[in-house]
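This report concerns only the one structure given below.
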Amino acid sequence: MNPTITIEEADSIPVDANVRDYDELHDAARAVFPSVVDDTAEVDERTAAAFVDGEFVKFTGYYRVRVAE
């Protein structure tokens with residue numbers, strides 16, 4: 001079963017949050033990110049490994065990433 005990625009816009013960012021800019025994402029993660037914003041998608045394990053569960057990504061706003069197996 002492929003991992004599931006959920007990317008949701010964040011209202012606030014915790015002070016100790018792991019935040020990356022969109023440009024810092026691996027190529028596979030950058031390719032899938034815009035299509036998953038405010039949605040959920042199954043991705044292959046390599047793409048899922050490019051994300052960190054619970055991190056925030058600065059794109060057009062700040063988005064929380066959730067990775068589920």
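For Ala10, the residues whose amide H sits under 5 Å from its own are Tyr62, Tyr63, Arg64, ignoring neighbours fewer than 5 places away on the same chain, with H placed 1.01 Å from N. When the surface is traced with a 1.4 Å probe over the full set of protein chains, Asp21 keeps roughly 70 Å² accessible.
Label-to-label distance for Tyr22 and Glu8 is 2.1 nm, based on points extended 7 Å past Cα in the beta-carbon direction.
Scaled against 2.2 N^0.38 Å for its residue count N, the alpha carbon radius of gyration of the chain is 0.99.
With a cut-off of 19 Å on the backbone N, the residues of segment 24-67 near the modelled label site 7 Å out from Val15 along Cα-Cβ are 56. Evaluating 6.51 cos²θ - 1.76 cosθ + 1.60 at θ = phi - 60° for every residue in segment 63-69, the Karplus couplings come out as 10, 8, 9, 10, 10, 10, 7 Hz, glycine and proline recorded as x.
The values are calculated or read from the model by the stated rules, or taken from the named source; none is laboratory data. Everything numeric in this text was worked out from a predicted model, so none of it was measured. Glycine gets a Cβ as well: all are built from the backbone with ideal geometry, and neighbour counts include every protein chain shown. Heavy atoms of the whole protein, side chains included, go into the accessibility calculation; ligands, DNA and RNA do not. Shrake-Rupley method; radii C 1.70, N 1.55, O 1.52, S 1.80 Å.
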